[in-house]
Amino acid sequence: MAVSVDPIDGTAMKAQFPLLSREVHGKPIVYLDSAATSQKPIAVLDAMDDYYRTINSNVHRGVYMIAEEATNRMEIARALVRDFIGARSSSEIIFTKNATEALNLVAQGWGRANLVAGDVVVLSHMEHHANIVPWHMLVAEIGIELRWIPLDSEGRLDLTELDTLLNGAKVLSVTAMSNVLGTMNPVRTLTDAARKAGAISIIDGCQSVPHSATNVQELGADFVAFSGHKMCGPTGIGVLYGREELLEAMPPFLGGGEMIRDVRLDGFTTNDLPWKFEAGTPPIAEIIGLGAAVEWLNGVGMDNIRAHEIALTEYTISTLHGRFGDRIRIHGPSSPAERGGVFSFDFDGLHPHDISQVLDQHAVCVRAGHHCAKPLMKLLGIGATARASVYVYNDTTDIDALADALDATGAFFTL
Amino acid sequence: MPGLEDLYREIILDHYRNPRNRGELETPPALRVEGFNPLCGDEIVLYLDFDANGGVADIRISGQGCSISQSSASMMSAAVKGKSVAEIDELTRAFKAMMSIHENTLEGAETAEPIDAPDVKLGDLEALRGVVKFPVRIKCATLAWNTLAQGIEEASA
């Protein structure tokens with residue numbers, strides 16, 4: 001197998017992330033849990049700090065200077081996000097608390113207005129709970145029917161029956177990349193099939209948007225949800241992209257300030273997009289932080305990040321298989337081109353909790369558990385996995401540290 | 001800093017590798033009760049045969065989980081088998097007191113004793129004392145006990 005060239009220098013990259021210079025249990029931290037949340041570069045921390053220190057004020061209200069500055073900074077961030085994902089207009093960028101809220105906004109906003117008993121929503125077996133439970137809630141409330149796209153033996157979507165599954169469906173809602181298997185799904189194929197069947201398509205972009213260039217128009221999706229904290233931005237900020245025409249026709253989600261044009265004793269009229277869906281004072285510092293994260297990612301280059309992660313994925317798979325052979329099983333597609341840098345694994349028959357506990361003693365941070373994807377765990381016939389996941393600041397030294405720590409884990413439990 | 005040897009005592013690893021009372025009992029007459037740890041996906045299934053007075057005459061365990069939850073379940077089964085409701089209640093309170101006493105202090109506090117713990121010999125279960133130094137693992141250790149309490153409550157309802 002040809003070894004891919006990594007365009008990113010790990011040491012220089014790590015220096016931009018203050019947390020990565022700390023120690024855990026007296027050892028330098030090895031952070032391999034970016035699928036849960038990413039670390040934050042200085043540029044993002046500074047942008048948020050600067051907001052609070054110099055222009056902290058409420059947005060879209062005050063006519064004084066710092067309030068205008070805050071409003072401008074927030075709307076610049078929206079424009080940055082718009083361009084980052086190739087949306088046509090800032091009206092299509094709705095800020096939410098997180099991706100979970102974004103998916104709930106679609107299910108509760110579009111779903112309740114457009115779905116009736118018996119309508120079909122198609123999901124897949126690899127969805128995160130955030131793209132399952134909002135639809136279960138509509139099953140209970142409205143009586144919609146859920147259908148599930150199955151997986152093949154390597155953890156890819158099995159699309160052989162896709163047209164049948166979509167027949168008569170109103171919604172297709174799937175992830176662009178599995179947070180457990182790392183599988184990158186053929187989003188355009190899925191959205192094309194949905195459109196042909198007369199269904200809207202919703203894409204959970206939590207794991208894909210931070211790691212590869214995204215153009216929502218090329219994806220052909222009606223809605224795309226993702227979170228800020230997985231892409232070097234702060235927690236507390238998510239994004240819902242929605243096609244303007246659909247957002248215009250939707251009823252509001254939460255009611256309150258900011259989302260209204262007029263309120264009378266006998267009713268209200270809604271504000272323009274995107275504010276129609278942003279009730280209350282928004283997370284201003286977080287929005288500005290997300291804008292800074294987008295600028296920072298643009299500076300690195302999303303294509304460089306993807307190339308870096310392909311190279312690191314090759315290294316990770318070959319290192320772990322090379323050192324541990326049959327003792328380790330990495331879930332998901334074996335080809336680095338078909339997957340992102342998320343590695344769920346079984347090791348030595350040990351429980352993930354026990355693995356991550358010993359890894360922690362070696363300052364290696366991995367996730368252990370069901371990764372909010374219990375239906376997928378059930379399908380895989382396991383209760384949980386350990387999961388290492390990489391991002392722009394990881395390099396081969398992190399993977400070597402993981403392998404060394406796994407070695408020690410195996411030795412500890414066989415004593 | 002608490003070390004791994006505080007958590008993974010030899011007796012815990014022994015119960016993990018050689019779990020006691022593993023299996024199932026016929027239902028009915030046995031009661032089947034499930035417990036879940038939503039954090040990690042661990043699940044435990046207890047099969048309980050009760051005697052005429054509500055005590056646990058026999059017990060079997062199935063399900064899957066980490067070494068702490070599995071060994072805790074194994075030790076629990078050995079400790080409660082053949083015991084009366086009152087004895088089990090005392091054991092449960094003593095065990096939970098051992099598990100929760102440090103919950104708010106997180107690290108250290110090794111000398112603190114449970115305030116209202118019954119004066120019961122915990123035997124092997126004492127080995128789990130080190131778990132309190134690893135707060136996220138406390139739920140693993142208490143899963144079997146909470147599931148048992150649920151089963152006893154269901155049986156007496």
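Mean silhouette area of region B:4-156, derived from the convex hull of its C-alpha atoms and averaged over all directions, reads 8.6 nm². Which percent of the accessible heavy-atom area of region B:4-156 goes to carbon and sulfur, probe 1.4 angstrom? With neighbouring chains kept in place, the figure for region B:4-156 is 49 percent. Placing unit charges on each Cβ (+1 for Lys and Arg, -1 for Asp and Glu) gives region A:74-233 a dipole about its Cα centre, and among A:ILE144, A:HIS128, A:ILE203 the Cα reaching farthest toward its positive end belongs to A:ILE203. Its DSSP H runs of at least 4 residues, each contributing -39,500 (n - 2.57), put the calculated 222 nm mean residue ellipticity of chain B at -12000 deg cm²/dmol, to the nearest 500. Peptide A:374-382 has a mean shielding of 1, counted as Cβ atoms of other protein chains within 10 Å of each residue's Cβ.
Amide H contacts under 5 Å for B:LYS83: B:VAL56, restricted to partners 5 or more places along the chain or on a different chain, H placed in the peptide plane at 1.01 Å from N. Could you compute the net charge surrounding A:ARG327? Neighbours are other residues with a C-beta less than 11 Å from the C-beta of A:ARG327; K and R count +1, D and E count -1. The answer is -2.
How would chain A be classified by its alpha-carbon gyration tensor: rounded, prolate or oblate, with rounded meaning a/c under 1.5 and the a/b versus b/c comparison settling the rest?
It is oblate, given that a/c is not under 1.5 and a/b is not larger than b/c.
Taking 0.36 nm per residue of separation and subtracting the Cα-Cα distance, full extension of the segment from A:SER89 to A:ASP192 would add 34.9 nm.
Interface B/A, total buried accessible area with a 1.4 Å probe, nearest 100 Å²?
1600 Å²
For a straight C-alpha distance cut-off of 13 angstrom, the aspartates and glutamates reachable from A:LYS276 (same-chain residues fewer than eight places away being disregarded) are A:GLU92, A:GLU244, A:GLU248, A:GLU258, A:ASP262. Inter-chain neighbour count for B:63-70: the average number of beta-carbon atoms from partner chains within 10 Å of each residue's beta-carbon is 4.
Each residue of region A:387-396 was assigned a 3J(HN,Hα) from its phi angle through the Karplus curve 6.51 cos²θ - 1.76 cosθ + 1.60 (θ = phi - 60°); the sequence is 9, 9, 9, 10, 9, 4, 8, 8, 9, 5 Hz, with glycine and proline shown as x.
Please give the net charge around A:GLY143, taking every other residue with its beta carbon less than 14 angstrom from that of A:GLY143, where Lys and Arg add +1 and Asp and Glu add -1. Around A:GLY143, the charge tally is -1. Within the listed set A:ASN215, A:ASN394, A:ASN179, the Gaussian network model of chain A (springs between alpha-carbon atoms below 10 Å) gives the highest mean-square fluctuation for A:ASN215.
Among A:ARG78, A:ARG195, A:ARG306, the largest mean-square fluctuation in a Gaussian network model of chain A, built with springs joining Cα atoms closer than 10 Å, belongs to A:ARG195.
The helix-only estimate of mean residue ellipticity at 222 nm for chain A, built from DSSP H runs of length n ≥ 4 each weighted as -39500 (n - 2.57), is -11000 deg cm²/dmol after division by the residue total. Averaged over the residues of A:347-354, the number of partner chain Cβ atoms lying within 10 Å of the residue Cβ comes to 5.
Let's test the formula: R0 of 45 Å, r as the Cβ-Cβ distance of A:ASN304 and A:GLU68. What FRET efficiency results, to the nearest 0.05?
0.80
The mean sequence separation of alpha-carbon pairs under 8 Å and at least six residues apart, normalised by the residue count of chain B, gives a relative contact order of 28 percent. Note that region A:211-220 has calculated 3J(HN,Hα) couplings of 10, 8, 4, 10, 10, 5, 6, 5, 5, x Hz, one per residue in order, obtained from phi through the Karplus relation 6.51 cos²θ - 1.76 cosθ + 1.60 (θ = phi - 60°); glycine and proline are x. Sorting A:VAL366, A:VAL106, A:VAL5 by solvent-accessible area of protein heavy atoms yields A:VAL5, A:VAL366, A:VAL106, largest first, with a 1.4 Å probe. Listed here are the pairs B:LYS83/B:LYS133; A:LYS378/B:LYS96; A:LYS40/A:LYS97; which of them are more than 20 Å apart at the Cα? In this structure, B:LYS83/B:LYS133; A:LYS378/B:LYS96 exceed 20 Å between Cα atoms. Ordered by solvent-accessible area of protein heavy atoms (1.4 Å probe), largest first, the residues B:GLU90, A:GLU92 come out as B:GLU90, A:GLU92. In straight Cα distance, which aspartates and glutamates are under 15 Å from A:LYS196, not counting same-chain residues fewer than 8 positions off? Straight-distance partners of A:LYS196: A:GLU161, A:ASP163, A:ASP222.
If the segment from A:ASN58 to A:SER153 were pulled out straight at 0.36 nm per residue, it would be longer than the present Cα-Cα gap by 29.0 nm. Surface exposure of chain A, expressed per residue as accessible area with a 1.4 Å probe, stands at 38 Å².
Here region A:261-309 and region A:145-212 have alpha carbon centers that stand 25 Å from each other.
The values are calculated or read from the model by the stated rules, or taken from the named source; none is laboratory data. Everything quoted here is computed from the prediction, not taken from an experiment. Don't worry about glycine lacking a Cβ; one is built from the backbone with ideal geometry, like all the others, and counts go over all protein chains shown. Keep in mind that these areas ignore ligands, DNA and RNA; they rest on the heavy atoms of the full protein, side chains included. Shrake-Rupley method; radii C 1.70, N 1.55, O 1.52, S 1.80 Å.
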